[in-house]
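The structure under discussion appears below in the form of structure tokens.
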Amino acid sequence: MNYSQEGGSNLSERVLLNVGGKKFETTVATLTRVPDTVLAVMVSDRWKTGDEIFIDRDPKHFGKVLNYLRDGDHFVVPSDTEACDELKREAHFYNMPYLSEMCAPMNVDVADIVQWKRDAIEIYWRPFVRYMVDDSLSLPFIYDRNNHTLARCIACEEFQDPKCSYLFDINYTAWEPMRHHMYNMTGEVTQLMGENCCIVSWDNGQQIHLPRSALSKVPGMQHQ
């Protein structure tokens, strides 16, 4: 779709928005990145170069709406439940169903396609590397007790007595690329484990028991 208009506007042109009295500045490209939203229609149908767009809406979460348009699937929703609910209402107003789905409570089910939550990667990347190196593990977190290596899920009562973990001295610096790769990984939920956990089969072939709190569903995707 071509958003060039009379007056010479183009995708890189800046747009000034007044949301409930607070000013925001972005570009035509950002506002039209997701088709058929209220913002895309406003800028493509009615906006002329240099005009200010006024939106009679609370500006509290509008910056997050713009960040969703900029970041797409990599956008991180607020961890606070109230803020997430408020953002979901804004997503509904602006006709952004994928953002609304991202803000919905996490109800991971079998066959859902999931990815790592961005704020969980810093917590999980080292345990995930150890899990990849040691094929005797089925749980990501290990600890030592009385000089014996044990594994336990941090979200449920699942427990394991791995046989090989004590043998591996892992150079995590060499594995640093895996940490970055996790931002782009997707996996399929193959089994639910109680109320808090599930088994995920990742696209690199690894299957692992994980708390659902470490995962987010990929909007609009389910295994066929």
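The values are calculated or read from the model by the stated rules, or taken from the named source; none is laboratory data. No experiment lies behind these values; they were computed from the predicted model shown. Cβ placement follows ideal geometry from the backbone for every residue including glycine, while neighbour counts extend to all protein chains displayed. Surface areas here come from the heavy atoms of the whole protein model, side chains and all, with no ligands, DNA or RNA. Shrake-Rupley method; radii C 1.70, N 1.55, O 1.52, S 1.80 Å.
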Selection from the stretch 19-28 of residues among the polar types (S, T, N, Q) and open to solvent by 20 Å² or more (accessible area, probe 1.4 Å) yields T27
Selection from the stretch 49-66 of residues that are in a helix (DSSP H, G or I) and either in contact (Cβ under 8 Å) with a residue 40 or more places away in the chain or surrounded by 14 or more Cβ atoms within 10 Å (Cβ to Cβ) (or both): F62, K64, V65, L66
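Only one of these is open to solvent by 70 Å² or more (accessible area, probe 1.4 Å), over 28 Å from V114 (Cβ atoms), of a type outside the set (V, I, T) and free of Cβ contacts under 8 Å to residues at least 24 places away in the same chain: D80, D45. Name it. Give the derivation first.
Values: D80 fails: over 28 Å from V114 (Cβ atoms).
The unique qualifying residue is D45.
Report whether or not V34 is within 18 Å of F93 (Cβ to Cβ) and part of a helix (DSSP H, G or I). Walk me through how you get there before you give the answer.
Working: within 18 Å of F93 (Cβ to Cβ): yes; part of a helix (DSSP H, G or I): no.
In short, no.
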Candidates R118, R70, filtered to the one that is open to solvent by 80 Å² or more (accessible area, probe 1.4 Å) and in the same structural domain as W175 (by the TED database): R118
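Looking at the stretch 197-210, which of its residues are assigned to a strand (DSSP E or B), open to solvent by less than 50 Å² (accessible area, probe 1.4 Å) and polar (S, T, N, Q)? If you could, list the steps in order and put the result at the bottom.
Let us first name the residues in the stretch 197-210 that are assigned to a strand (DSSP E or B), namely 197-202, 207-210.
Now drop any that are not open to solvent by less than 50 Å² (accessible area, probe 1.4 Å), which leaves 197-202, 208-210.
Matches in the stretch 197-210: S201 only.
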